[in-house]
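The structure under discussion appears below in the form of structure tokens.
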Amino acid sequence: MSENTSLTHNVLQGTGVVEGVIYADAVWHASAPERPQAPREIPEDLRPAELERFTNAVAAVAQRLDKLAASADADAQAILTATAAMARDKGLAKAVRKQINGGIDAEWAIDVAVESFIAQFEKAGGVFAGRVTDLNDIRSRILSELRGEAPPSPPRADTSHSGALVLLADDLAPADTLTLDLSTFAGLVTKGGGPTSHTAIVARQRGLPCVVAVGDGLRAIEAGTPLLVNATAGTITVGADPELAQAAADQFARQQEAAKMWRGPVSMTDGNSVALLANVHDPASARDAAQAPAEGIGLFRTEFALLSAEVEPSTAEQAASYREVFEAFAGKKVVIRTVDAGSDKPVKFLNQDPEENPALGVRGLRIERKHAGVIDRQLEAIKQASELAGRTPESVWVMAPMVDTVAEAQWFVSRARAHGFTAGIMIETPAVALMADAVLREVDFVSIGTNDLTQYTMAADRQISELGDLCDPWQPAVLRLIRMVCAAGETHNVPVGVCGESAADPYLACVLVGLGVKSLSMASPSIVQVGSRLDTHSVADYQAAAQAACAAPDAEAARAAVLELLT
């Protein structure tokens with residue numbers, strides 16, 4: 001990522017995560033509520049009431065987050081549910097109660113407790129470091145609730161432009177992003193974050209043009225400054241010619257309106273096509289996705305139904321849920337991922353121990369092999385569901401997460417094929433990508449999870465905002481690994497799909513098609529934009545774009561090269 005902190009050339013470079021071109025005035029997100037400066041002593045006879053005040057504040061905050069989660073899609077729902085659970089965390093509550101019982105007021109107690117947790121999370125690193133933003137958000141919300149104030153929210157400012165504003169922030173909590181008034185805010189730009197950060201995921205769900213990881217230069221922009229934000233290229237221009245900037249924004253708006261009419265399937269200018277599929281996590285999300293022009297389900301995240309379960313659901317209970325998903329996409333492709341658990345998203349009945357680095361720990365297929373009975377029962381539930389939904393076993397595609405070796409692929413495929421399923425694996429590590437020629441001999445299909453493949457390839461935790469530029473799926477090293485997998489797919493006649501966040505990036509989707517990817521699975525709101533973009537050129541054009549991206553020195557150059565070829 002390049003950065004111009006002095007704005008000498010009037011341009012800042014970040015990472016675009018939701019495409020768009022907007023011209024509007026800047027406004028800064030409100031700062032968090034002021035933290036308490038000193039503790040207040042609570043007399044012993046008033047401490048029970050102080051404890052109750054804290055308990056009620058936590059309950060109110062968690063309930064609001066639960067309500068937001070209920071209206072969100074799979075990824076955002078998981079983030080908000082986890083944030084609500086963090087607000088209710090027993091360890092956090094215990095630390096606060098200890099302080100209050102010792103005579104300290106609730107505001108000081110929650111501030112001290114959260115600060116202690118932040119220090120622990122930052123020391124642990126990995127996914128825990130990525131939750132620091134959520135901890136700060138929880139602290140702000142509880143403090144506001146205790147004081148009887150509304151939580152910090154984006155301001156509505158008087159500007160020379162009617163309506164649209166560009167919201168600037170150091171970072172934004174998922175709940176804030178989810179509640180932005182889109183009639184007021186046309187775009188979002190953050191100093192930190194990355195393409196797979198929580199902010200980016202929620203912005204993508206809402207279709208909000210967004211640029212992240214801009215760096216310290218963003219702080220040089222004052223509220224009220226007109227900005228030309230090209231979220232497709234990841235640029236923020238200060239001092240652009242007003243007429244030209246507005247014309248660029250208007251042109252993109254017209255393109256967006258035309259794209260809304262797209263109903264699929266993809267038909268490129270040479271007549272070729274690629275399947276656009278939806279990511280879902282339960283029957284409700286599957287029914288929602290069925291309203292979009294999705295040709296099927298490319299990723300059914302089965303673990304979401306298990307994350308809150310104290311005991312393993314029965315085979316019949318699992319089958320009932322899977323049947324509803326099959327029925328929502330009757331006659332269409334459905335790809336099911338077996339339980340993808342880890343210490344960062346623990347399934348209680350698997351009795352996982354905490355790990356210092358969950359990303360490199362016992363997760364995915366590693367857990368499945370440790371608890372083979374759980375997976376065998378899940379596969380049996382899938383078979384029962386397919387029979388109840390009137391599907392043949394071979395029409396059910398089942399894949400395992402986090403596979404690294406040929407032996408691991410064989411272990412899973414033999415179990416899946418025993419039920420008659422079409423059996424595949426996810427490509428999420430450089431190890432299995434480099435062994436693609438051997439691994440693809442053993443499977444019926446593969447699906448590339450670009451989020452994890454990127455962080456493992458670049459040795460950069462995708463939860464750490466300072467590493468956002470390295471976690472960009474446009475990194476040429478990642479694209480070359482995908483090219484390698486696609487080449488093996490052609491050799492062995494094994495279809496290669498992508499189900500990571502990169503599939504929802506319209507221009508990166510073009511590159512993936514050029515690399516040889518046969519299907520793209522994404523959050524259903526992104527399908528229309530991706531499909532309408534793919535219709536504009538031929539496979540040969542996308543192959544040229546893919547070649548240019550792979551030859552680029554870095555992600556920024558790769559994106560720029562592709563935009564030059566395809567716009």
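The values are calculated or read from the model by the stated rules, or taken from the named source; none is laboratory data. As the structure is a computational prediction, the values presented were derived from the model and not from experiment. Cβ coordinates were reconstructed from backbone atoms using ideal geometry, including for glycine residues, and neighbour counts include every protein chain displayed.
Among the listed residues Ala328, Ala292, Ala319, identify the single one that is surrounded by fewer than 21 Cβ atoms within 10 Å (Cβ to Cβ), out of contact with any His (no Cβ under 7 Å at 6 or more places or on another chain) and hydrophobic (A, V, I, L, M, F, W, C).
Ala292
Return the residues of the range 456-469 that are touching a Leu at 6+ places or on another chain (Cβ under 8 Å) and assigned to a helix (DSSP H, G or I); say none if nothing qualifies.
Of everything in the range 456-469, those that are touching a Leu at 6+ places or on another chain (Cβ under 8 Å) and assigned to a helix (DSSP H, G or I) turn out to be Thr457, Met458.
Between a residue in the range 113-128 that is farther than 24 Å from Pro36 by Cα and any residue that is surrounded by fewer than 16 Cβ atoms within 10 Å (Cβ to Cβ) and modelled with pLDDT of 65 or more, which pairs come within a Cβ distance under 6 Å, given they are 6 or more apart or on different chains?
Gly126/Asn357
Residue pairs, Cβ under 8 Å, 6 or more apart or interchain, first in the range 421-448 and under 18 Å from Val339 (Cα atoms) and not assigned by TED's automatic domain parsing to the domain that holds Pro473, second crowded, with 20+ Cβ neighbours inside 10 Å and modelled with pLDDT under 95. List them.
none
How many residues, within the range 302-314, are hydroxyl-bearing (Ser, Thr, Tyr) and either assigned to a loop (DSSP other than H, G, I, E, B) or modelled with pLDDT of 95 or more (or both)? I'd like the intermediate steps shown before the answer.
Here is the first cut: in the range 302-314, the residues hydroxyl-bearing (Ser, Thr, Tyr) are 302, 308, 314.
Then keep just the ones that are either assigned to a loop (DSSP other than H, G, I, E, B) or modelled with pLDDT of 95 or more (or both); that gives 308, 314.
Counting residues in the range 302-314 that are hydroxyl-bearing (Ser, Thr, Tyr) and either assigned to a loop (DSSP other than H, G, I, E, B) or modelled with pLDDT of 95 or more (or both) gives 2.
Gln529 fails exactly one of the following numbered conditions: (1) modelled with pLDDT under 95; (2) buried (at least 24 other Cβ atoms within 10 Å of the Cβ). What is the number of that condition?
(2)
Taking the stated definitions as given, is Arg415 crowded, with 19+ Cβ neighbours inside 10 Å, assigned to a loop (DSSP other than H, G, I, E, B) and not acidic (Asp, Glu)?
Working: crowded, with 19+ Cβ neighbours inside 10 Å: yes; assigned to a loop (DSSP other than H, G, I, E, B): no; not acidic (Asp, Glu): yes.
No.
If Ala551 satisfies all but one of (1) of a type in the set (Gly, Ala, Ser); (2) within 17 Å of Gln475 (Cα to Cα); (3) in contact with a strand residue (DSSP E or B) (Cβ under 7 Å, 6 or more places away or on another chain), what's the number of the condition it fails?
So the condition that Ala551 fails would be (3).
Output the residues belonging to the range 1-22 that are at pLDDT 85 or above, in a loop (DSSP other than H, G, I, E, B) and more than 20 Å from Val528 (Cα to Cα). Walk me through how you get there before you give the answer.
Within the range 1-22, the first condition is being at pLDDT 85 or above, and the residues that meet it are 10-22.
Next, from what is left, pick out any that are in a loop (DSSP other than H, G, I, E, B): 10, 14, 19-20.
Asn10, Gly14 - these are the residues of the range 1-22 that are at pLDDT 85 or above, in a loop (DSSP other than H, G, I, E, B) and more than 20 Å from Val528 (Cα to Cα).
Looking at Ala286, Ala278, Ala249, Ala245, which is the one that is in a helix (DSSP H, G or I), under 24 Å from the mean Cα position of the chain (by Cα), buried (at least 18 other Cβ atoms within 10 Å of the Cβ) and not hydroxyl-bearing (Ser, Thr, Tyr)?
Values: Ala278 fails: in a helix (DSSP H, G or I); Ala249 fails: under 24 Å from the mean Cα position of the chain (by Cα); Ala245 fails: under 24 Å from the mean Cα position of the chain (by Cα).
Of Ala286, Ala278, Ala249, Ala245, the one residue that is in a helix (DSSP H, G or I), under 24 Å from the mean Cα position of the chain (by Cα), buried (at least 18 other Cβ atoms within 10 Å of the Cβ) and not hydroxyl-bearing (Ser, Thr, Tyr) is Ala286.
Touching a Phe, Trp or Tyr at 6+ places or on another chain (Cβ under 7 Å), modelled with pLDDT of 70 or more and under 20 Å from Val432 (Cβ atoms): does that describe Ile336? Even if it seems obvious, please write down each step before you answer.
Details: touching a Phe, Trp or Tyr at 6+ places or on another chain (Cβ under 7 Å): yes; modelled with pLDDT of 70 or more: yes; under 20 Å from Val432 (Cβ atoms): yes.
In short, yes.
Before we move on, is Asp452 in contact (Cβ under 8 Å) with a residue 12 or more places away in the chain and outside any loop (DSSP other than H, G, I, E, B)?
On the way: in contact (Cβ under 8 Å) with a residue 12 or more places away in the chain: yes; outside any loop (DSSP other than H, G, I, E, B): yes.
Yes.
What pairs can you find where one residue is in the range 353-367 and under 19 Å from Ala407 (Cβ atoms) and surrounded by 14 or more Cβ atoms within 10 Å (Cβ to Cβ), the other is modelled with pLDDT under 70 and of a type in the set (Gly, Ala, Ser), and their Cβ atoms are less than 8 Å apart, with a gap of 6+ or different chains?
Note: pairs meeting the criteria are Val362/Gly342; Val362/Ser343; Arg363/Gly342; Arg363/Ser343; Gly364/Gly342; Ile367/Gly342.
So, Arg559, is that one within 23 Å of the chain's Cα centre (by Cα) and closer than 20 Å to Asn272 by Cβ or not? Can you show your working first?
Numbers: within 23 Å of the chain's Cα centre (by Cα): yes; closer than 20 Å to Asn272 by Cβ: no.
In short, no.
Conditions (1) of a type outside the set (Val, Ile, Thr); (2) closer than 16 Å to Gly234 by Cβ, marked per residue:
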| residue | (1), (2) |
| --- | --- |
| Cys510 | yes, no |
| Ser519 | yes, no |
| Ile527 | no, no |
| Ser532 | yes, no |
| Gln547 | yes, no |
| Ala560 | yes, yes |
| Leu565 | yes, no |
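For the range 450-503, what are the residues that are farther than 16 Å from Ala555 by Cβ and touching a Cys at 6+ places or on another chain (Cβ under 6 Å)?
Val496
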